[in-house]
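Taking it in order: structure first as structure tokens, then the write-up.
We did not get these values from a lab; they are worked out from the coordinates using the rules stated. Since the model is a prediction, treat every value here as computed from it, not as a measurement. Positions of Cβ are backbone-derived with ideal geometry, glycine not excepted, and every protein chain shown enters the neighbour counts.
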Amino acid sequence: MSDSYSLEFLPEIEPRDHAWDAASGNPRGRCFAFAGSDMLILRTPDDTPKVPSWEDLRAWDITAIRYQYLGTLGGEPCWSAELAPDVLVPGTAMLSGLRPLYDVLPETQYAIAGRAAQIVAWDRDHQHCGRCGDPTERVAGERGRRCTRCELTAYPRVSPAVIVLIERDDRILLARGRAYVPRRFGIIAGFVEAGESLEDAVRREVREEVGIELGHIDYFGSQPWPFPHGIMIGFRAGHLRGEITLGDGELAEAGWYGAADLPEIPAKLSIARQLIDDWANRRGFVIDQP
Ligand SMILES: [Zn+2]
């Protein structure tokens, strides 16, 4: 969804020469380092969090268990790294989950952090073959790990989920999940099942959760969702027929809402919110919620 992402960050698999420190042979550049699901952040004197460099890590005496090359950001090498879960963090640094860093890190760096978190977790979890249990090794030129015995290759998993804003006249369907933040409403979403097209998944989820048949389905955009390895694919759809009937028990309530009676909706981080804001935009108003 973000143009700056593709303009500034160039993903690459194999580190070029400038990604290494010629004298020491160590990696150089920016290091998106994770202890568990928390990212290592440099605290600056003016309290603006920054992604540390390898030099910062070395100054802090922090070593990586494994690290992976990601590409360049404005020409600077970027790496992801896995730290010990109990890493000792000095006062000039901190560990933070990814969600609180949204709107704190620049957008491009936040996107790289999401990518880094997934690659670190994938590399950690695929050191051994899922089929025969023997060790795996990195495949040159690919983001893959191959079994040294049976050659089964594992790639980072991406789990697609569809999310859909349903419009009916001047209202939209909002729903509150049982497992959701109390009082906050969202829109219908669900994982794509094996063998389904994205449109099939949209129609099935909506039918299962609220018993409605859709007319047109239009692609809106997509958003990586690194919690832990999703991608949300957003659609706008029109109500065709049927009244809301709660189906499979995932939802506590659902209803049609207009500009004047919107409940609490998802925060700006999410594609759900982008879909709702886009709808408001097209109807000529702005939603006054964080
Ligand atoms: Zn194997």
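One residue stands out among those in the range 157-169 that are surrounded by fewer than 17 Cβ atoms within 10 Å (Cβ to Cβ) and charged (D, E, K, R): the one that is farthest from the ligand (Cβ to nearest atom), which is Asp169. Considering Asp248, Asp277, the condition of being within 18 Å of Val202 (Cα to Cα) and of a type outside the set (Ser, Thr, Tyr) is satisfied by Asp248 alone.
Sub-6 Å Cβ pairs linking a first residue in the range 30-43 that is in contact (Cβ under 8 Å) with a residue 60 or more places away in the chain to a second residue that is of a type outside the set (A, V, I, L, M) and in a loop (DSSP other than H, G, I, E, B), at least 6 apart or interchain, are Ala35/Pro85; Ile41/Pro49, ordered by first then second residue.
When the residues of the range 142-153 are filtered to those that are surrounded by fewer than 20 Cβ atoms within 10 Å (Cβ to Cβ) and more than 21 Å from Arg16 (Cβ to Cβ), the one that is nearest to the chain's Cα centre (by Cα) is Thr153.
Is there a residue in the range 122-141 that is within 30 Å of Arg241 (Cβ to Cβ), loosely packed, with under 15 Cβ neighbours inside 10 Å and within 20 Å of the chain's Cα centre (by Cα)? Scanning the range 122-141 turns up no residue that is within 30 Å of Arg241 (Cβ to Cβ), loosely packed, with under 15 Cβ neighbours inside 10 Å and within 20 Å of the chain's Cα centre (by Cα). Among the criteria (1) in contact with a Leu (Cβ under 9 Å, 6 or more places away or on another chain); (2) part of a strand (DSSP E or B); (3) within 30 Å of Ile119 (Cα to Cα), the one Ala272 does not fulfil is (2).
Based on what the data block shows, is Leu198 surrounded by 14 or more Cβ atoms within 10 Å (Cβ to Cβ), of a type in the set (A, V, I, L, M) and within 16 Å of the ligand (Cβ to nearest atom)? Taking the combined requirement at face value, the residue does not satisfy it.
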